[in-house]
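Structure first, commentary second.
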Amino acid sequence: MARTADKTDIPNRLTEAGYTLFNQLGYNATGIQQITDKAGVPKGSFYNHFDSKEAFAAQIIRNYGAWVDRAWDTAMRDAPPEPTAAMRHLFGSFIQHHEQSGLQGCLVGNFAAEMAESSTSCRTVLCSVMVGWRERLAALIEQAQQQGLVRTDLPPATLSGFFWDAWEGAVLRMKVEHSTQPLKDVVDLMLDKFFKP
């Protein structure tokens, strides 16, 4: 196995391998040996960079949250200026990602189902990531409310939380049914029905 002068190379290879394996197999079914084999690094190097498998998983959740933030920013650069159209465009880009990535689901949702009860550190990171997503969507909803496009009898944070809860449930259905139709249905129902003034 080749050595490298780049201090970020091995941790990056490990987290990329861990992300792939956790998505495919889940946290509990993935061992450190599998991760280091996939990353092409010695098993001992894992503990040079991560204190434990749990700390490693928490870092992967952080990385995934940052990736979603970048994907969000990229989608919003091309989004229409009208906020509900921007929301439709944004979630359309997420749906397209799910179609292109084999309907693997959301790592945050997968980890929440598998680890929220067993790992306080992972639950804390999961909560932080999910709160960030809800706040970003709430800001769009607030803009839409100010323009009279979305109901104002409920605060933006409540509507955002409801949307994300429905979305994550639809992601689970997507995996079961192997179709993105549940995601499309959530976006249409929220924006065309439930959010209407």
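Give the cross-link partners of Lys193 among the lysines, using a straight C-alpha distance below 18 Å as the criterion and excluding same-chain residues fewer than 8 apart. Within reach: Lys184. The fraction of all Cα pairs in the range 1-116 landing in successive 10 Å bins from 0 to the largest distance is 12, 38, 29, 16, 5, 0, given as whole percents. Looking at the square roots a ≥ b ≥ c of the eigenvalues of the Cα gyration tensor of the range 93-137, which shape do they give, rounded for a/c under 1.5, prolate if a/b is larger than b/c, or oblate? Here the range 93-137 falls in the oblate category.
At 1.4 Å probe size, with the rest of the protein present, what percent of the exposed accessible area of the range 37-149 is carbon and sulfur atoms?
Details: 2730 of 5580 Å².
Accessible surface attributable to carbon and sulfur in the range 37-149 totals 49 percent.
Three semi-axes describe the equivalent ellipsoid of the chain; taken as square roots of 5 times the Cα gyration tensor eigenvalues and ordered largest first, they are 35, 16, 16 Å. What the chain shows is 52 Å² of accessible area per residue, with the surface traced by a 1.4 Å probe over protein heavy atoms.
In the chain, helices alone account for a calculated mean residue ellipticity at 222 nm of -24000 deg cm²/dmol, with every DSSP H run of four or more residues adding -39,500 (n - 2.57). Straight Cα distances below 23 angstrom link Lys53 to the lysines Lys7, Lys38, Lys43, with same-chain residues fewer than 8 positions distant left out.
Take the Cα gyration tensor of the range 76-166, multiply each eigenvalue by 5, square-root it, and list the three semi-axes largest first, rounded to whole angstrom. Intermediate values should be presented prior to the final figure.
Details: eigenvalues 139, 66, 18 Å².
Equivalent ellipsoid of the range 76-166: 26, 18, 10 Å, largest first.
The values are calculated or read from the model by the stated rules, or taken from the named source; none is laboratory data. None of these values were measured; they are calculated from a predicted model. SASA here: full protein model, heavy atoms, side chains in, ligands and nucleic acids out. Shrake-Rupley method; radii C 1.70, N 1.55, O 1.52, S 1.80 Å.
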